[in-house]
Structure formats: C-alpha cells, structure tokens
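Enquirer: The structure under discussion is supplied below as structure tokens; questions concerning it will follow.
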C-alpha cells in the first residue's frame, strides 16, 4: 500500500533525477560541444549530428519504457536506465573521437528515456489527484538542473578542469541518483489500466487505437514536436551563436542559465494555471513564445533582443512541458496515457533533425540564423492548428486494458 510519505519521497527522487538529466544532457552538451569540436577536429555538422542522435535515441526508444513499466515495473525500468546513463557518461568521459562521441550521445538518449519523463509522468499522474500542480512542480525542480548545468560547466572551466572531468562528475551522480530512484519508486504500487478510475476531464476513457485515429492526437504531437525542435536546436547552438554575435563566453553562459531559470518558473506557473485555464490555452502560449524566441535569436542584435529571447524561450519551454502533457490527458484521459505519451515522444523524434540541419546550415552559410527562422515558421503553423483545435467527441470503450496482455 502506498503511504503519503512514500509518494512524497518518490516525487523527490523523480524530481532529482530530472534535475540531473536536465543538467547533464541537452543543456550540457551544447556547452561542452565547442571544446569537443576543437579536441576531435569535428565540423559543426558532425557535432550537430551527435545532438541529433541524442534526441533520436530518446524518442525512438520511448515505447520501450512503457512496455517495461507494464511488464517489469517502474523500479526495474529505472534501474536499466541508470545503467545506461552511467555507461553513456563514461563513454563521453573516455571518448577519443567522433564515433565514441556518437555512441555516448546515443546511450545518453536511451538512458534519458528510461529515467526521464516517460516513467515520471506515468507515476505522478497515477499517484496525485492534482496532476497539473504536481507535474508543474516536477518540471520546475527538474528544469532548475538546466540552470545548474551551464553554471557548473562555467565553474569547472574557471577552476581549471577540462571537459572530461565534467562528464565524469555526471557519471558518478547518475549512479547515486539512479539508485535512489530505483529503491524508492520500486516500492510504489501503480494501478493497472483496468483498475484506474476514469479521468475527471473526460466522460469516457480512450483506447490507444481509437486515440491514434483522431486528428486531435496528431496535432498535439505536432505541437510537442515543434516545441522540442526549438528546444534541442537552441540548446545545441545558442551558446556558439551568441558568441558569434559578440556576446562574451561568460555572458552567453549566464543568459542560457537565466533562460533555464525562467523555464523553471514557467513550469511552476503552468502547473498552477493548469488547474484553472485550459490546456489548449497553455499550449498556445508556449508555441507563441517559442516561435518568437527562435525568430529573435536568429536576428539578435542588442541587449533588448537578448532579454526578449531569454524570457520567451524560457517561458515558452517551461509552459510546453506541462501544457502538452495536460492537453493529451485532457483529450484522451488517464487510462492509456502512458502509451499515448510514449508514442508522442517516439514520433517527436523527428525534432532531432533540427540540430543536424542547423549544423549543415552553419557549414554552408556561416550562420545558424537560417535554422532558427525555419523553426519560427513551423511554430507559427502549429500555433494556428492548435488555435482551431477542439476536443474530440466521446468514444465509449470496452472494459479491457489499454494494451492487451500477451
């Protein structure tokens, strides 16, 4: 039986894991890349492809933790992810060339998937009644890791440590935090799909197959993918792009960390607002902010534009984490939310093409501006699609699990 104390401890453990992932994956890689490019003699297309592998692995494997959670439980899923995270950080620590860098980022994406939002969203949505608030808290604390990552990198550089030491720190931390998550979450009982009560936001619960047949599901997936594309591409190249526009190394690090702080605040506000405002409204806000941030970053030319980019990128990203999850659950209920969220993560793998294209654009044109303009246009299209979106009609379902047992 789940006690309130156990549930709170699991929440803390999952928040700490997301803090670690936010600090040591997408955010950190963008900061460390210039040093690794210099060490390995890579071009920016090769460097961006490592980012693409990170995002692709994270997306393509998203269905795997959903299956292992249903069959093996949350604890064993987190244990497997911890092993992969440790192996990934050690590969980056010991890497000697492009191929080991690629292997490390691929394993990092898989480990992120097994320890990140897929198990956490499932556990927290199943354990708390005020889902918007608790998800907002989870993403807020986790996103503070995105604040800590760039600052930790800057501090390690100032102290005279190289990029290898930085990855070693995360290898050790992944074992400690992963063990904490495994031991606590493994004791939690999560109801099977057929045991879960209907979501208060839906009159009937949906099956995976029926949800996949609706336009609404794919628009939500498209919105999430657009947000993710702007997120990964910005984190991959903003540091270098800002320095190429006359922003100092320390100032660029500070701006990226401040945008992550705004992101954390945005997630908290989204969690609170989600109890009153519709998830669709929150999603529109996130898409609008991220579109403006991409356009502003492409055309950055002074302090005001830097401030506008920092606020819109951080705020839009913070809202997107909560809004897309809540929109999905609001439209299709809780019963199949684990599988639907995993499918959304898998499909959003297409966002990983952003860093690869960004690196190619940089090599061909000498600037990252083109990729950011393109992302702003995509965001505008998805904004219009979500604006005209309406809740799908009620669909009765038989009393069977979301995924039949084999």
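Where a number appears in this text, it was derived from the coordinates with a stated rule and is not lab data. Worth saying up front: this structure is predicted, and the values here are computed from it rather than measured. In this analysis, Cβ positions are derived from the backbone assuming ideal geometry, glycine residues included, and neighbour counts consider all displayed protein chains.
Enquirer: Rank-order 93-99, 215-221 by packing density, defined as the average count of other C-beta atoms within 10 Å over each peptide's residues, highest first.
Expert: 215-221, 93-99
Enquirer: How would you rank 15-26, 153-164, 76-87, highest first, on the average number of other Cβ atoms within 10 Å across their residues?
Expert: Going from most to least packed, we get 15-26, 76-87, 153-164.
Enquirer: Taking 0.36 nm per residue of sequence separation and subtracting the Cα-Cα distance, how much length would be gained by fully extending the chain between residue 3 and residue 304, in nm to one decimal?
Expert: Here the answer is 103.4 nm.
Enquirer: Using helices alone, what [θ] at 222 nm do you get for the chain, with -39,500 (n - 2.57) per DSSP H run of 4 or more residues, divided over all residues and rounded to the nearest 500?
Expert: -26500 deg cm²/dmol
Enquirer: Let me make sure I get this right: for region 280-366, a, b and c are the square roots of the gyration tensor eigenvalues over alpha carbons, sorted descending. Under 1.5 in a/c it's rounded, otherwise prolate if a/b > b/c, else oblate. Which is it?
Expert: Oblate.
Enquirer: Neighbouring Cβ atoms within 10 Å as the yardstick, rank 391, 71 fewest first.
Expert: Exposure proxy ranking, most exposed first: 71, 391.
Enquirer: Taking only the C-alpha atoms, wrap a convex hull around region 4-387 and report its volume per residue in Å³ as a whole number.
Expert: About 119 Å³ per residue, rounded to a whole number.
Enquirer: Taking 0.36 nm per residue of separation and subtracting the Cα-Cα distance, what length does fully extending residue 254 through residue 381 add?
Expert: 42.6 nm
Enquirer: Cut-off 18 Å, label point 7 angstrom out along Cα-to-Cβ of residue 214: give me the residues of region 260-278 whose amide nitrogen falls inside.
Expert: From region 260-278, the list is 278.
Enquirer: Let me ask you something else. Among 340, 91, 389, whose mean-square fluctuation peaks in a Gaussian network model of the chain (Cα, cutoff 10 Å)?
Expert: 389
Enquirer: Using 0.36 nm per residue of separation minus the Cα-Cα distance, give me the extension gain between residue 243 and residue 151 in nm, one decimal.
Expert: Additional length available on full extension: 31.5 nm.
Enquirer: So which residue, out of 128, 383, 170, gets the largest mean-square fluctuation from a GNM of the chain using Cα contacts under 10 Å as springs?
Expert: Per the Cα network of the chain with a 10 Å cutoff, 128 tops the list.
Enquirer: Between 135, 317, 357, where does the largest GNM mean-square fluctuation fall for the chain, given springs only between Cα atoms within less than 10 Å?
Expert: Between 135, 317, 357, it is 357 that shows the largest mean-square fluctuation.
Enquirer: Using Cα centres only, tell me the gap between region 323-345 and region 247-300 in whole Å.
Expert: One Cα centre to the other: 22 Å.
Enquirer: Now, a different point. Need the C-alpha centroid separation for region 367-389 versus region 57-86, integer Å.
Expert: Here the two parts' Cα centres lie 32 Å apart.
Enquirer: Now a separate question. Order the peptides 171-177, 140-146 from the highest to the lowest mean number of other Cβ atoms within 10 Å of their residues.
Expert: 140-146, 171-177
Enquirer: Between helix 369-387 and the chain, what is the angle of the helix's C-alpha long axis to the longest principal axis, kept within 0 to 90° and rounded to the nearest 10?
Expert: 20 degrees
Enquirer: By how many degrees, 0 to 90 and rounded to 10, does the Cα axis of helix 303-332 deviate from the longest principal axis of the chain?
Expert: Computed tilt is about 20 degrees.
Enquirer: Over what distance in Å are the Cα centres of region 211-226 and region 1-48 separated?
Expert: With region 211-226 and region 1-48 each reduced to a Cα centre, they are spaced 26 Å.
Enquirer: Moving on to the next point. From the Cα gyration tensor of region 137-291, with a ≥ b ≥ c the square roots of its eigenvalues, which class applies: rounded if a/c is under 1.5, or else prolate if a/b is larger than b/c, or else oblate?
Expert: In terms of gyration-tensor shape, oblate.
Enquirer: State, as an integer percentage, the relative contact order of the chain based on alpha-carbon contacts under 8 Å between residues 6 or more apart.
Expert: That works out to 27 percent.
Enquirer: Next question. Compute the helix-to-body angle for 163-185: its Cα long axis versus the longest principal axis of the chain, expressed 0 to 90° and rounded to tens.
Expert: The two axes meet at around 10 degrees.
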